[in-house]
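Here the structure is laid out as structure tokens; the discussion comes afterwards.
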């Protein structure tokens with residue numbers, strides 16, 4: 001049995017490599033950039049007004065002038081006009097190009113306009129005010145977005161602003177999700193007293209969908225011949241396979257033996273943790289296989305602790321290590337790394353974790369009331385209020 005850290009290192013030694021594809025920028029939200037994005041020109045490309053008002057030459061104001069003859073109007077989307085008289089001004093609209101010869105914008109609220117003259121009514125005008133300077137956001141050729149960034153509406157706006165109608169994003173083949181167990185019945189069925197519905201497969205598929213990754217869900221019975229035949233076909237057709245169930249020490253837990261019979265090389269089986277101790281991980285040529293314990297909380301935890309970070313690393317997504325502070329003392333006796341379910345609250349900018357352990361790895365209903373797990377290290381029994389531990393969120 002290996003430690004959580006050892007399991008993490010072994011998994012990370014196996015690189016996950018995604019392909020790439022071009023998509024229209026309007027369909028790119030939630031996907032991961034596979035190319036660097038550069039500014040095609042200065043941003044903004046010209047000095048632009050950030051207020052409706054009048055554009056003046058500040059030196060005239062500094063010399064005491066308060067009344068400026070209106071020479072014309074500079075509208076947004078209009079070619080740059082030129083100030084002919086230093087004592088003149090242009091009415092200017094938000095977003096408009098600053099007229100040549102002007103360097104300051106005074107908003108309408110601070111001027112009085114009468115008979116073609118704009119009179120400034122305040123005494124605290126500053127040179128260059130209310131102007132978004134050319135190139136202050138980015139210079140032509142400068143990098144705007146990097147590989148591995150998840151595209152949000154903000155990135156979509158940037159891509160559109162530089163004329164990037166199509167963008168290269170990471171693309172991976174659908175992940176195979178395989179649940180096993182004769183006690184599991186389809187979601188739409190009414191289970192008998194000894195049966196339960198198949199929740200793990202759809203939960204894993206949902207977690208992958210939040211990462212914009214498709215999946216193919218299959219359920220297999222506890223039958224060695226069926227498992228061997230179907231798993232061979234599934235492994236042949238997928239690069240990443242996630243199994244749920246059949247990896248413990250029970251009489252009908254056939255998955256580890258069948259995987260090895262199919263040529264999947266075991267990297268480890270069993271991790272010194274709770275929940276999720278029976279976790280199995282292996283590799284076959286270019287195929288990567290995770291076999292998770294069937295208990296719902298174990299499956300959920302193992303995905304978010306091991307599989308999701310592994311995929312994100314392969315996509316180039318920079319993952320931030322987050323810690324949360326225990327809001328009260330907690331005791332855990334076994335010498336295992338314990339992933340404690342917690343509710344999260346904010347206190348003075350700190351994540352506070354309130355323990356809500358539930359009734360064990362089968363109590364998936366408890367997940368509805370918590371926000372993630374804190375990782376409590378092994379070789380300790382007492383965990384004190386105020387101590388910070390790694391936090392694994394599963395909500396956005």
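In the chain, the calculated helix contribution to ellipticity at 222 nm averages -5000 deg cm²/dmol per residue, counting -39,500 (n - 2.57) for every DSSP H run with n ≥ 4. Reducing region 68-98 and region 9-46 to their Cα centroids gives an inter-centroid distance of 40 Å. Inter-label distance, residue 94 to residue 124: 2.1 nm, where each label sits 7 Å from its Cα along the C-beta direction.
Here each label is just a point 7 Å from Cα along the line to Cβ, and for residue 368 and residue 147 those points are 4.4 nm apart. Shape index of region 323-393: Rg/Rh, with Rg the Cα radius of gyration and Rh the Kirkwood radius from the inverse mean 1/r over Cα pairs, equals 0.95. Over region 182-305, the fraction of Cα-Cα pairs per 10 Å bin, rounded to whole percents and listed from the shortest bin up, is 12, 45, 37, 5, 0.
When 113, 289 are sorted by how many other C-beta atoms sit within 10 angstrom of their C-beta, beginning with the fewest, the order is 113, 289. The radius of gyration of the Cα set in region 136-247, together with its Dmax, comes out at 21.0, 67 angstrom. Could you work out the percent of alpha carbon pairs in the chain separated by over 40 Å, rounded to a whole number? Summing the P(r) of the chain above 40 Å gives 40 percent of all pairs.
Once you keep just the Cα pairs under 8 angstrom separated by 6 or more residues, what percentage relative contact order results for the chain?
16 percent.
Ranking of 51, 97 by neighbouring Cβ atoms within 10 Å, starting from the fewest: 51, 97.
Rounded to two decimals, the Cα radius of gyration of region 48-132 over 2.2 N^0.38 Å is 0.93.
In whole Å, what is the distance between the alpha-carbon centres of region 130-162 and region 50-65? Cα centroid of region 130-162 versus Cα centroid of region 50-65: 30 Å apart.
Going from the fewest other Cβ atoms within 10 Å to the most, the residues 238, 350, 304 appear in the order 350, 304, 238. GNM on the chain, alpha-carbon springs under 10 angstrom: the most fluctuating residue among 63, 292, 315 is 63.
Where the centre of each part is set by its Cα atoms, how far does region 230-267 sit from region 306-355, in angstrom? So the separation of the two Cα centres works out to 29 Å.
Distance between the pseudo-spin-label points of residue 225 and residue 3 (7 Å out from Cα toward the beta carbon): 4.7 nm.
Quick note: the coordinates plus some simple rules give every number you see, no bench work behind them. Bear in mind the structure is a predicted one, so any value in this text is a computation, not a measurement. We place every Cβ from the backbone using ideal geometry, glycine too, and count neighbours over all the protein chains shown.
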